[in-house]
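Before any comments, here is the structure.
The values are calculated or read from the model by the stated rules, or taken from the named source; none is laboratory data. Being a predicted model, the structure only gives us computed values, none of them experimental. Cβ sites come from the backbone with ideal geometry, for glycine too, and all protein chains shown count toward neighbours. The accessibility values were calculated without ligands, DNA or RNA, using every heavy atom of the protein model including side chains. Shrake-Rupley method; radii C 1.70, N 1.55, O 1.52, S 1.80 Å.
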Amino acid sequence: MARFDRYMLSQLFTLFGFFALVLVAVYWVNRAVILFDQLIADGHSAFVFLEFTALSLPQVIGMVLPMAAFAASIYVTNRLSNDSELTVMQATGFSPWRLARPVLVYGLMLAMMMSVLTHLLIPASLEQLKEREREIAGSISARLLREGTFLHPAEGVTFYIREISPEGELADVFLSDVRNDTRHITYTAEKAYLLRDDDGPKLIMRDGMAQVLTPKTGQLSTTNFAQFSRDISGLIAQNGQGPRKLRYVSTRETLFDTLAVAEEVNDPPGEVLLEGHQRISQALVTIVAALIGHSALLAGGFSRFGITRQIVLAVFLLVVVQLVEGAMTEPVRGDMALWPLAYVHVGIGLAIALALYWRADHPAAFRRRRPALTEGAA
């Protein structure tokens, strides 16, 4: 590879790393705030929060990678133009097609990175994330063992613990269950323990009282007890394993075992096939984004008014590609035989980039010609 290609590739990847880091940080912070509210409010540790944010990171990277590729391509091309490096290379005989070679290599390398994300890391991380969500959703200890706070683990249920000793003993426990319209039960106990056996979690209360209120008659009955066991497995809904989601299924299964996957996930066959082809097209879009950003600036040429117009044009063209992608999804969902439509936006994007490179290679064809002066006017 020529020295200029290596130089431009190093510039592209350096700026790509910067833009990717910034965009991932923005998306990650938004995601982290939501996770923090959900997990910490339910009493889970900071380690669980970090685990969940790490599992959501591949999906975030997959979202921002094409945008970072596009931004880096525009920035590097503009900087090389401002520093007259592109002018020097064109003066030595480099055509726009030759200048596009490092950008194409850059796009192909990012496409391979994107393929690893879409085919391997994102499905695996989402499946693991869902599995961890199922586990913590039924975590009785995380949801109930909180001192000095009135908790509502389920509608109609109120739970309170004044203090938890280092040995795990619960002091001054209050449990109210009003889910049954005909029978409201309230338990109070001086001490309690949370145990788990084969039948599920149980709350063992000692030295307490049970109050049963009949709302229709207003009758209240009380019972003192020395020790009482209460099954609390119903206080928090337990999520079953359930069928797989389409996002967790491997690309090979979506493409070559479409009907079986569609029956398993209860989605139309077209939706299943579209999922597999979209994972492939997402990687190709990174190539399109890099080429459009580079070619739009080359086609614009030098302007005393800056490159704002060329950047707006490049963004507009990339939006057009995304709109075409959105328009092609519904036909494929309805008829799996139309799966080639999932790549139409990639073809249009490449056609746009080729047209812009041709425009940059033939500037005279688009240059305004001044009308020739007549002899009398001369």
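The aspartates and glutamates within cross-link reach of Lys216, meaning a Cα-to-Cα straight distance under 16 Å and a gap of 8 or more places when in the same chain, are Asp181. The alpha-carbon of Lys130 sits under 16 angstrom from the alpha-carbons of these aspartates and glutamates, leaving out residues fewer than 8 places away in its chain: Glu51. Is the range 176-220 rounded, prolate or oblate when judged by the Cα gyration tensor, a ≥ b ≥ c being the square roots of its eigenvalues, rounded requiring a/c under 1.5 and prolate requiring a/b larger than b/c? In terms of gyration-tensor shape, oblate. Name all residues of the range 208-233 having a backbone nitrogen under 17 Å from the label point set 7 Å from the Cα of Asp172 along its Cα→Cβ direction, giving them as ranges. Label zone hits: 208-209.
For Lys202, the lysines whose Cα falls under 21 Å of its own Cα, not counting residues fewer than eight places away in the same chain, are Lys191. In order along the range 307-318, phi translates into HN-Hα couplings of 10, 4, 4, 5, 5, 4, 4, 5, 4, 4, 5, 5 Hz, rounded to whole numbers, per the Karplus curve 6.51 cos²θ - 1.76 cosθ + 1.60 with θ = phi - 60° and x for Gly and Pro.
Straightening the chain between Asp231 and Met63 buys 56.0 nm, computed as 0.36 nm per residue apart minus the Cα-Cα spacing.
Converting phi to 3J(HN,Hα) with the Karplus coefficients 6.51, -1.76 and 1.60 and the offset θ = phi - 60°, the range 253-261 yields 5, 5, 8, 10, 9, 5, 5, 5, 5 Hz in sequence order, with x at every glycine or proline.
Calculate one ³J(HN,Hα) per residue across the range 8-25 by plugging θ = phi - 60° into the Karplus curve 6.51 cos²θ - 1.76 cosθ + 1.60, and present them in order as whole Hz with x for glycine and proline. With the stated coefficients, the range 8-25 comes to 5, 5, 5, 5, 4, 6, 5, 6, 4, x, 5, 5, 5, 4, 5, 5, 4, 4 Hz. Taking all protein chains as shown and a probe of 1.4 angstrom, His184 keeps an accessible surface of around 50 Å². So what's the gap between the Cα centers of the range 265-283 and the range 204-233, to the nearest angstrom? The range 265-283 and the range 204-233 have Cα centres separated by 54 Å.
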